[in-house]
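The structure appears right after this line, and notes come after that.
The values are calculated or read from the model by the stated rules, or taken from the named source; none is laboratory data. For clarity, every value in this text was computed on a predicted model and none was experimentally measured. When we count neighbours, we look across all protein chains shown, and the Cβ atoms used for this are built from the backbone with ideal geometry, even at glycine.
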């Protein structure tokens, strides 16, 4: 690590070097603990602040899209709005329904936030800037993600409210349905990189041919995989147009209706953190993580973490834009889309990745390109056709909410 | 015999014991997830990273959710809440006996003298596991895949009520 | 041997086939049923005509052809049956098919409203087939089988309205009485087979009617010095008498009038009852054992005597009864019996030719009379009592004309068919060597015939209409006493027939009406025959007799009429007929009967005799008092015998069996059951024991498994220690 | 007391707990969970013996655990589906009341 730090640009590695400097001053007995704390603290600082920024950004962006100003009272251009919100959440009364299951009701947001934070452990936010480099990193990420569902259920169930229960059920059904395509969509990258470790995946995309980076995005399966991943991620993080779990119009706010005050804020935070994490994973898998978009010195000198956060912001803007643009789906559309379009396409994509891998690269790259693109395009068209056709809708009955 | 092991073991035992002992079925399942998490921790502690994460993913992410859904769907407010069956004393006694005999056997199996040197955890990367799965254990892998497919379809078919709408099956998943 | 002879079997086969088909038709397919029956019989008629023509085309000597086919084999020899075609068969075939055809057509009108229409035609077709089979049979066995089928159909048709108890009783009576005769026929047949070894009539010299046997059979004397062949002939005559209603077996025939009128006409007047006469004519050879050539003027055999006397007695007896009847059909029935007696007598005294000639003519005019009566009944809405008719000639002129033609023919009015045939009989009787009494009896019968027919005509067609007064008029003082009243029977039949005609729009109008064309046209045709048919057998030109005797016809010339013997007989019979008609006219039409319940004139003059005759000489009662009672006493005796002797034996055996069974049961209960009970108890205990474990609760099983695990581990531990 | 022994004892305890739950609980779902617990105890044994066994480089234990986890997942899915079907029929998940073969 030291070596890597040395031969990398100093600006790029400033945080790493700082960490090492701090560790050098701590007694050896405490070093593991210290290094852990030192690496965790920034995460705990950076991402919540990013969350704060995002809230403002989202509200203002949506406001603009809807021909209004958005928050503009607190501070310059309403930039202090998140602070006001945080204070409000903190001083608000924490209402717990009388019938609620106290313990679970309390633990649900905690676990949620904890899981959301833990997910960041394997995300490289810069060169040599990853908390732990597990060689099953991606698996870890998904494992932690699966814990989120449980916390959602706890929240919805413990508040003993039909709406929250309905919201929880919707959320879980949706998350499970989209977790499968999410994983399957990320498999090609893992295949190509030959490793589950996020760091290795990023490193595999680090090089450049000419000025073009080796991002997986720039392969046919990469494009498709990225698209699928993006859709699945949107749904996984309950963002519009997949925000049925908190459909304000039908079930007021989904599984955390009965939460108020700081717990509510925690849910809010956790959701955004989850969104960030998923986006970060997408960046890691397809957008070359922290690597620069073009192999020119002007870009490469820019520190890696800058690039990472730039891409992340891009994701955030994309999400905001989508939210402002698209209407909400119906439940059956949601499910049908997951099981009838994304899943087959993801499977096909895996196959195509194998194809890509075993087709000869050097002489006729273009032919490889065309073949894989064709193999992917045809079913895509067919499946979207099949999605279009009208189907008779049955009355949906929730058997668990009787 | 490190502290980590003891803590994880405590979590696991507590969680599972609660899962088997609590009154509310949902609490049971939640406690069970805690127990499984502890178990996954143990796997990690024992150096089986992949298995640990798989454990979390499968049990916490899938089985627990499934169980919770099942509990919700089969929740029948009308029926009296008697959690233990009539002969629960016998059951407990037998379980205790089983544990005692097993423990006795284990104790006897290890002579008090031998203290195996704490060998460093073997570094098993995912690549190795993948190679093993793809070469040596490819046939079991295929069979497992087949089994999972069959189980998926079978579960859907069984759980689907012909009267109900087909969207029920996603929930049952 | 031409095509027609080979395929003669088609003639009976077709109607029988039709009957089979109709039997499978649903009840409502009326048209199909009637069409099948009539069509099949029409084809048979055509074939019969062809056969007749074929017979005519041959030279007189070889007008005898037959086909024999092996039927079934027992032992080393084949039992053969076959059919033959000779003048007798040919003539009868034509007559039966023609009359039958007419009556079938008539039935479609008469039975139009009966709900069992198709069943009726099924039976009719079956009857026709069987009758034709009787006619063409070349084997006594085949003839007997067809004979029995004929009896069966007669039973079915008499009891056609089986819901009427009288009809059912009459059917039973007819069946049983004819059985008595058929028993004799059967015995005779068996005996004949024992004697001759064959039942074929003609078999290239080997048949039982052919010369070899004719010489051989008489050699055996059976008993009382009778030759076997004579005894056989007498036995066969029993059957013939049963069918043809000769005394003393005539009792069933009047009751048979319970059947529908077409049935009465076809079966109990024209064809079936004539079968007896036909049979005797067929086996006539047996009555002439000593002479190969048939010659009426030789010493007759005992059988011949019997036939003659029975016929003569029947003729007179039935005629006397007919005088005192009030049921239109009964009068005709008794006249039928009497005419059958004439036939038998003619057969006895004059040979087959005479008898069959009268049979043919009688078939036509008696069928005519019955159909006329049926038409009258139909027109009077089922009324059968002549006292409630009267003056009908104004309402149904066609029926009246035809009926009077038939009546005159029956009376033997000069130049009508009956005149010639009856004259032939009287002539033969007059010339009969042994005795003249049959001749006088016949003459007296002719007188009575003319008398009662005139009486009937007077009642039915002349005078004034005497409609049935509501609440039946007490007819006749005598009728109240009698236990079983044929007239009550007649009334029930009348009621039933009116039931059968309730759909008739005219059913309940008291105003009689002429019958539809489908019924009158056959009447007219038959009337024509009744008038003309006699001329084929006049003494001047006895073609028919020659035809039957298979001798070339010779024309006697007109002088045959004024030959003294013939002339006397002709004169006598004509005189007798005129006398009878005038008497009847003087008694019944001079002062017309006006009221339905007016007593008969004869009744007023001599009630006792009238009642006696009205009850048919109390023959039914006589049988009831003697035969039936004897039978019942015998039955009682045998019942007692059965009950106490055989029953006792059976009782003893059963007691023995019971005691054995008791011992057996003791053994069973004590030893076997004991053993099995013990075994089953053990098994049940074991089952109970295992059910303790099979609770259906997986947890129980798991507990057991846990225990087993503990046990296993403990065992292993000890194993490790040891 | 060696780590291996500790693991084995722990897995024995897990097994006993699972067995106890299986034989005492009335709720079919919890019975199923107890069975899962017993499976996991076995898995723990595999891992422990792989870890402290003579040949860690041979991945037998891990493989076996992975497969058994997969099987357990399938079992859980099918078992819970069965319980749902049974519930639909009996309107209860109480095993003591599900003791008749004929519905």
- [ ] May I ask you to say which residue of B:144, B:157, B:129 is within 15 Å of residue D:60 (Cβ to Cβ) and either out of contact with any strand residue (DSSP E or B) (no Cβ under 8 Å at 6 or more places or on another chain) or without any contact (Cβ under 8 Å) to a residue 40 or more places away in the chain (or both)?
- [x] B:129
Open item on the list: What's the number of the only condition in (1) away from chain A (no Cβ under 12 Å); (2) within 21 Å of the chain's Cα centre (by Cα); (3) modelled with pLDDT under 90 that residue B:60 fails to meet?
Closed with: (1)
- [ ] Could you please give the count of residues in the stretch A:185-219 that are within 14 Å of another protein chain (Cβ to nearest Cβ), surrounded by fewer than 20 Cβ atoms within 10 Å (Cβ to Cβ) and either in contact with a strand residue (DSSP E or B) (Cβ under 8 Å, 6 or more places away or on another chain) or under 16 Å from residue A:230 (Cα atoms) (or both)?
- [x] 1
- [ ] Those residues that are assigned to a helix (DSSP H, G or I) and surrounded by fewer than 24 Cβ atoms within 10 Å (Cβ to Cβ), I need them from the stretch C:233-251; list them, please.
- [x] C:234, C:235, C:238
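Only one residue in D:93, D:2 is crowded, with 20+ Cβ neighbours inside 10 Å, over 30 Å from residue B:133 (Cβ atoms), within 7 Å of chain B (Cβ to nearest Cβ) and in contact (Cβ under 8 Å) with a residue 24 or more places away in the chain. Which one?
Working: D:2 fails: crowded, with 20+ Cβ neighbours inside 10 Å.
Only one candidate qualifies: D:93.
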TODO: Determine if the stretch B:41-50 includes at least one residue that is in contact with a helix residue (DSSP H, G or I) (Cβ under 6 Å, 6 or more places away or on another chain) and within 8 Å of chain A (Cβ to nearest Cβ).
DONE: yes
- [ ] Would you mind listing the helices (runs of 4 or more DSSP H) fully within the stretch A:312-402 where at least 2 residues are within 14 Å of chain B (Cβ to nearest Cβ), at negative phi and at pLDDT below 85?
- [x] A:331-336
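In this structure, does residue C:694 turn out to be under 30 Å from residue B:86 (Cβ atoms), within 14 Å of chain D (Cβ to nearest Cβ) and in contact with a strand residue (DSSP E or B) (Cβ under 9 Å, 6 or more places away or on another chain)?
Numbers: under 30 Å from residue B:86 (Cβ atoms): yes; within 14 Å of chain D (Cβ to nearest Cβ): yes; in contact with a strand residue (DSSP E or B) (Cβ under 9 Å, 6 or more places away or on another chain): no.
Taking the combined requirement at face value, the residue does not satisfy it.
For the stretch A:31-122, which fully contained helices (runs of 4 or more DSSP H) count at least 1 residues that are more than 25 Å from the chain's Cα centre (by Cα) and more than 23 Å from residue A:152 (Cβ to Cβ)?
Because the criterion is at least 1 residues that are more than 25 Å from the chain's Cα centre (by Cα) and more than 23 Å from residue A:152 (Cβ to Cβ), the helices (runs of 4 or more DSSP H) in the stretch A:31-122 that meet it are A:31-65, A:81-91.
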TODO: Could you figure out which of (1) surrounded by fewer than 24 Cβ atoms within 10 Å (Cβ to Cβ); (2) modelled with pLDDT of 90 or more; (3) touching a strand residue (DSSP E or B) at 6+ places or on another chain (Cβ under 9 Å) isn't true of residue C:82?
DONE: (2)
Task: Only listed residue being more than 30 Å from residue C:114 (Cβ to Cβ), more than 22 Å from the chain's Cα centre (by Cα) and crowded, with 18+ Cβ neighbours inside 10 Å, chosen from C:60, C:51 - done: C:51
- [ ] Output yes when any residue across the stretch D:7-17 is within 21 Å of residue B:26 (Cα to Cα), touching a residue at least 12 places away in the same chain (Cβ under 8 Å) and surrounded by 19 or more Cβ atoms within 10 Å (Cβ to Cβ), and no when none is.
- [x] yes
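Considering only residues that are touching a residue at least 60 places away in the same chain (Cβ under 8 Å) and not in a loop (DSSP other than H, G, I, E, B), which ones fall in the stretch A:210-229?
Matches in the stretch A:210-229: A:212, A:213, A:216, A:217, A:220, A:221, A:222, A:224, A:225, A:226, A:228.
Taking the stated definitions as given, is residue C:52 within 22 Å of residue C:353 (Cβ to Cβ) and not in a helix (DSSP H, G or I)?
no
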TODO: Just need a number here: residues in the stretch C:73-93 that are in a strand (DSSP E or B) and touching a residue at least 12 places away in the same chain (Cβ under 8 Å).
DONE: 7
Open item on the list: Exactly one condition in (1) loosely packed, with under 10 Cβ neighbours inside 10 Å; (2) within 60 Å of the chain's Cα centre (by Cα) is false for residue C:692; which is it?
Closed with: (2)
Open item on the list: For residue B:79, only one of the following conditions fails: (1) within 11 Å of chain A (Cβ to nearest Cβ); (2) modelled with pLDDT under 85. What is its number?
Closed with: (1)
Open item on the list: So, residue C:108, is that one part of a helix (DSSP H, G or I) and touching a strand residue (DSSP E or B) at 6+ places or on another chain (Cβ under 8 Å) or not?
Closed with: no
Task: Which listed residue is surrounded by 24 or more Cβ atoms within 10 Å (Cβ to Cβ), more than 22 Å from residue C:108 (Cβ to Cβ) and at pLDDT 90 or above, from C:325, C:339 - done: C:339
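Conditions (1) more than 14 Å from every other protein chain (Cβ to nearest Cβ); (2) surrounded by 12 or more Cβ atoms within 10 Å (Cβ to Cβ), marked per residue:
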site	(1), (2)
C:641	yes, no
C:652	yes, no
C:678	yes, no
C:709	no, yes
C:715	no, no
Open item on the list: So if I check each of C:433, C:428, C:478, C:446, which one is modelled with pLDDT under 80 and closer than 21 Å to residue C:351 by Cβ?
Closed with: C:433
- [ ] Report the residue count in the stretch A:154-182 for those that are under 18 Å from residue A:246 (Cα atoms) and free of Cβ contacts under 8 Å to residues at least 60 places away in the same chain.
- [x] 5
Open item on the list: Criterion first (assigned to a helix (DSSP H, G or I) and within 34 Å of the chain's Cα centre (by Cα)) does residue C:567 satisfy it?
Closed with: no
- [ ] Taking residue D:49 as the residue in question, decide whether it is buried (at least 24 other Cβ atoms within 10 Å of the Cβ) and either part of a helix (DSSP H, G or I) or more than 7 Å from chain B (Cβ to nearest Cβ) (or both).
- [x] no
TODO: Would you be able to say whether some residue in the stretch D:19-26 is in a helix (DSSP H, G or I), in contact with a helix residue (DSSP H, G or I) (Cβ under 9 Å, 6 or more places away or on another chain) and either more than 7 Å from every other protein chain (Cβ to nearest Cβ) or in contact (Cβ under 8 Å) with a residue 24 or more places away in the chain (or both)?
DONE: no
Open item on the list: For the condition modelled with pLDDT of 90 or more, within 13 Å of the chain's Cα centre (by Cα) and more than 7 Å from every other protein chain (Cβ to nearest Cβ), what is the one hit in D:76, D:72, D:16?
Closed with: D:72
